[in-house]
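The values are calculated or read from the model by the stated rules, or taken from the named source; none is laboratory data. Small disclaimer: the values here were computed from a predicted structure and weren't measured. Don't worry about glycine lacking a Cβ; one is built from the backbone with ideal geometry, like all the others, and counts go over all protein chains shown. Ligands, DNA and RNA are excluded from the accessible area calculation, which covers all protein heavy atoms including side chains. Shrake-Rupley method; radii C 1.70, N 1.55, O 1.52, S 1.80 Å.
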Amino acid sequence: MEMSNLLVNVLLVLFLSIIPVSEVRGAIPYGILIAKLNPALVFVVSTLGNLMIIYPLLATFNNIENFLLKKFRLRQEKGFLEKILSKYFYFTEKARRKVNPYIDRYGVMGLTIYTFIPLPFTGAWTATLAAHILGMKRKTAFLSVGLGVVLASLLVFSMVFLGVSIELFI
């Protein structure tokens with residue numbers, strides 16, 4: 001494979017692993033089956049790409065929420081946006097208080113399993129949002145979602161190889 005073509009395909013695998021629509025569930029099959037890249041390279045690039053988005057997302061969600069909370073509290077009049085934000089803050093505060101004992105007990109494994117399951121809306125982006133809404137500590141959320149991403153990568157990688165192996169015998 002030509003060097004520039006290789007670089008484009010590796011960057012595409014990285015891009016696919018970062019965006020919320022595909023994550024590792026789309027990046028690994030693309031890299032191995034379509035781009036015909038080295039499977040080990042695809043695994044590493046897609047897993048690291050999906051892992052590297054977790055902490056910035058956690059920080060961004062927190063910063064956006066803090067910004068909106070400050071803006072919301074400074075306004076005297078309550079318009080449509082303020083009413084929506086009020087409901088959001090009420091919901092998140094209530095959810096955080098209600099689930100806090102369960103998060104301390106089951107949160108890490110629950111979020112890891114949620115991230116690991118290869119279904120729509122169960123990847124790193126959604127799990128990170130859930131961790132933020134439920135008030136998990138950043139370090140705990142990162143470790144939990146990160147472990148789920150690694151396990152999901154292993155599962156998708158295994159499924160792609162199982163499919164390729166079966167195809168060889170047909």
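Values for this structure:
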quantity	calculated
Those residues of region 49-70 which are among the polar types (S, T, N, Q), over 14 Å from F15 (Cα atoms) and surrounded by 12 or more Cβ atoms within 10 Å (Cβ to Cβ), in sequence order	T60, N62
Neighbours by Cβ (under 6 Å, 6+ apart or cross-chain): first from region 120-137, part of a helix (DSSP H, G or I) and open to solvent by 50 Å² or more (accessible area, probe 1.4 Å); second at pLDDT 90 or above and β-branched (V, I, T)	none
Condition met for I19 (surrounded by 13 or more Cβ atoms within 10 Å (Cβ to Cβ), hydrophobic (A, V, I, L, M, F, W, C), without any contact (Cβ under 8 Å) to a residue 24 or more places away in the chain and out of contact with any helix residue (DSSP H, G or I) (no Cβ under 8 Å at 6 or more places or on another chain))	yes
Test: S46 is open to solvent by less than 80 Å² (accessible area, probe 1.4 Å), under 15 Å from A152 (Cα atoms), of a type in the set (S, T, Y) and assigned to a helix (DSSP H, G or I)	yes
Selected residue (criterion: modelled with the lowest pLDDT) from residues of region 123-139 that are among the β-branched types (V, I, T) and touching a helix residue (DSSP H, G or I) at 6+ places or on another chain (Cβ under 6 Å)	I133
Selection status of L147, among the hydrophobic types (A, V, I, L, M, F, W, C), farther than 20 Å from V21 by Cα, open to solvent by 70 Å² or more (accessible area, probe 1.4 Å) and in a helix (DSSP H, G or I)	no
